[in-house]
1. Can you go through 114, 122 and tell me which one is touching a residue at least 40 places away in the same chain (Cβ under 8 Å), in a helix (DSSP H, G or I) and either crowded, with 19+ Cβ neighbours inside 10 Å or in contact with a strand residue (DSSP E or B) (Cβ under 7 Å, 6 or more places away or on another chain) (or both)?
2. Out of the residues in segment 65-77 meeting the condition of being touching a helix residue (DSSP H, G or I) at 6+ places or on another chain (Cβ under 9 Å) and within 12 Å of residue 99 (Cα to Cα), tell me which one is surrounded by the fewest Cβ atoms within 10 Å (Cβ to Cβ).
3. List pairs: first residue in segment 24-43 and over 21 Å from residue 111 (Cβ atoms) and outside the structural domain of residue 79 (by TED's automatic domain parsing), second residue exposed (fewer than 15 other Cβ atoms within 10 Å of the Cβ) and modelled with pLDDT of 95 or more anywhere in the structure, Cβ distance under 7 angstrom, at least six positions apart or on different chains.
4. Quick one: how many residues across segment 132-142 are touching a strand residue (DSSP E or B) at 6+ places or on another chain (Cβ under 9 Å) and either surrounded by 14 or more Cβ atoms within 10 Å (Cβ to Cβ) or outside any strand (DSSP E or B) (or both)?
5. Return yes when residue 56 is under 30 Å from residue 217 (Cβ atoms) and surrounded by fewer than 14 Cβ atoms within 10 Å (Cβ to Cβ) and no when it is not.
6. Looking only at segment 78-103, which residues are surrounded by fewer than 17 Cβ atoms within 10 Å (Cβ to Cβ) and either without any contact (Cβ under 8 Å) to a residue 12 or more places away in the chain or in a strand (DSSP E or B) (or both)?
7. With the requirement that a residue be part of a helix (DSSP H, G or I), in contact with a strand residue (DSSP E or B) (Cβ under 8 Å, 6 or more places away or on another chain) and within 24 Å of residue 74 (Cβ to Cβ), what does segment 15-32 give you?
8. Quick one: how many residues across segment 44-64 are out of contact with any helix residue (DSSP H, G or I) (no Cβ under 9 Å at 6 or more places or on another chain) and modelled with pLDDT of 95 or more?
C-alpha cells in the first residue's frame, strides 16, 4: 500500500500559531522532513513530538527527492515542514510534491501560516488583487524585474532580507518613485513585530537611519491606471 505526503505549515514566529490538526498529523506520521532539523526541533520539543527527523532543504532536495518518493510509495507516511510558514512557498517542497504527484502518490496540504498574508492585510493597501513575487533577483535581471513590477496596476508583495532592505528601498525610489505608498513588516507574530507605512521615499529615509533586524515583507501600491 502506498504511503502519503503531508505538507504541514508551521508558525512563522509565535509557537502558538499552529493548528490542532497540524499537531496531530506530526504526532502520527512515520517521518518528518525538515528544512533545518535544529530549528524544527525547537517546535517539536515544545509540543512533545518525538518522531524521526530528516533534513530536506534547498541544497539536498534534488538528491533526496527520489529516495523519499520511493519510500512513500512503499508505505511511508511523511510530513514536510519548513523553518517557518508553508513549505514550497519560497521554501523547499515543490520538487517533492511534483515527484509524488507524478508517481500517483497522495499529497495533502494542511492550511496554515504564510507570512506575506498578514503583512498584506495590515498594509492598508488593496487586497482584492495582488502579485506575490517571492524574492527578487539578486543581480541579473533585477532592475528589469523591478521596472516590470512598477508597471503593475495592483498591489505587489515580496520578501527581502535585513541586509538588503535599505538598498532595495533606494532602488524602489528610483524605479517606483518616492510618492508610491509602501508598507514593510518585520518580525511578524513575534515580540518585536513592526510595520512601517508611508511613501517609499519616507520609509527609505527611516530605514536608512535605523538598523532593523528580521526578515521583511514589502507591500507596494499598484501603479495608477492613469
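The values are calculated or read from the model by the stated rules, or taken from the named source; none is laboratory data. Note that the structure is predicted; figures quoted are calculated from it, not measured. Every residue, glycine as well, gets a Cβ built from its backbone with ideal geometry; the counts of neighbours run over all protein chains shown.
1. 122
2. 66
3. Every condition considered, no pair remains.
4. Total satisfying the criteria: 3.
5. no
6. Result: 94, 98, 101, 102.
7. Scanning segment 15-32 gives 25, 26, 28.
8. Matching residues across segment 44-64 total 3.
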